[in-house]
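Notes to accompany the following structure.
The values are calculated or read from the model by the stated rules, or taken from the named source; none is laboratory data. None of these values were measured; they are calculated from a predicted model. We place every Cβ from the backbone using ideal geometry, glycine too, and count neighbours over all the protein chains shown. Just the protein is used for accessible areas: all its heavy atoms, side chains included, with ligands, DNA and RNA removed. Shrake-Rupley method; radii C 1.70, N 1.55, O 1.52, S 1.80 Å.
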Amino acid sequence: SRGLGDVYKRQSFERARGLAGDDALVAVRTHFARASAYMGVGDSKLLIQEHRAGLEKGAAMADKAGVDRLVAIISNNLANHLLGLETLSDEESNGMLEIAAAARTAWFRAGDWVQRERADYLMALVHNRLADWETGLKAADEALATIAANGEEPIDEAFLQLARAQAFNGLQEQAERDSALGVADALASEWGDGLKTWYEEQRAKSLATRS
């Protein structure tokens, strides 16, 4: 008799066959490829437009599970690119938030708990960059709650504490900022040189301000 493994294989095959001929999926991939190309040449306006067009095509697909991971990965990359710009226009700020939110939505459908907490970490960084300190703090706390409920990720925890410290700094809550920094420093105290150097760089950035 056929086991569940055979059934799942057949379902996966049927899904793959359907997606192979799905014009919407081709369109999603095309728009995201263009968005990634515009990231490479530094055209934020077209990057945001192509990403939005890709999301619209993906939303019309009957089988969204077939595109969620693509949306998550590409959106994560694009949001991090915008996050790293020295200055942000209003259009770039709004686009960064929209793209990070798309990454979070997709990871929460397609990812495991680590990817979900990292999606909330990205949201914390984005909201902090936009000086939306309370929302940034909430996102960091949600990520830490996900870790606490599922296991341990000490590296992620340390960087989440830096995000919390940045939010508290923006809120001018210095005692809470120092407490979060203390937790982060303790977690990072035993790291090797390469990771420790990265941590120190991010620690300094978390207490700096940018427009």
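Listed here are the residues, each with its yes/no results for (1) within 24 Å of D68 (Cα to Cα); (2) among the charged types (D, E, K, R); (3) touching a helix residue (DSSP H, G or I) at 6+ places or on another chain (Cβ under 9 Å); (4) crowded, with 19+ Cβ neighbours inside 10 Å.
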{"position": "A110", "(1), (2), (3), (4)": "yes, no, yes, yes"}
{"position": "A119", "(1), (2), (3), (4)": "yes, no, yes, yes"}
{"position": "V126", "(1), (2), (3), (4)": "yes, no, yes, yes"}
{"position": "T135", "(1), (2), (3), (4)": "no, no, yes, no"}
{"position": "D156", "(1), (2), (3), (4)": "yes, yes, yes, no"}
Exercise for the section: Exactly one condition in (1) touching an Asp or Glu at 6+ places or on another chain (Cβ under 7 Å); (2) part of a helix (DSSP H, G or I) is not met by Q115; state its number. Expected result: (1)
Problem - Odd one out for F13, checked against (1) open to solvent by 70 Å² or more (accessible area, probe 1.4 Å); (2) modelled with pLDDT of 55 or more; (3) not small (G, A, S) - result: (2)
Fill in the blank from the handout: Just one listed residue, out of V114, V126, is within 13 Å of the chain's Cα centre (by Cα) and more than 13 Å from Q166 (Cβ to Cβ), and it is V114
Handout entry: Within the range 182-205, considering residues that are acidic (D, E) and part of a helix (DSSP H, G or I), the one nearest to the chain's Cα centre (by Cα)
Key = E201
Exercise for the section: Being part of a loop (DSSP other than H, G, I, E, B) and over 17 Å from L195 (Cα atoms) is the filter here, so list the residues in the range 148-181 that pass it. Expected result: G151, E152, L171, Q172, E173
Exercise for the section: Restrict the check to the range 79-88 and report whether at least one residue is aliphatic (A, V, I, L, M) and open to solvent by 70 Å² or more (accessible area, probe 1.4 Å). Expected result: no
